[in-house]
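No value in this document is a laboratory result; all are computed from the given coordinates. Computed from a predicted structure; not experimentally measured. Reconstructed Cβ throughout: ideal geometry from the backbone, glycine too, with neighbour counts over all protein chains shown.
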């Protein structure tokens, strides 16, 4: 599974779709982060780069209506979070995924 998070500083989630400079992309294996990469948004089109990343989920604070094409895609789901810090958002997302799959708690 792959999770992409839009960012401009590699630490915080960027919500302004037109200003996203990078995506922090996490590869998840066995409910753990097995790889992490930073992908520059060279096209300037957030929709195009999300499609090209071939990720399963995009984690954002707010969903922009311009991302409706992605939201309606069967391939990539947009997940909203209240967190602004990428690592916190990804950890909570993984905890929810683990809870859904195994019925036990992993978050303190």
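Assorted remarks:
- Pairwise FRET efficiency - residue 30 versus residue 80, Cβ, R0 = 30 Å, nearest 0.05: 0.70
- Neighbour counts of C-beta atoms inside 10 Å place 96, 80 in the sequence 80, 96, starting with the fewest.
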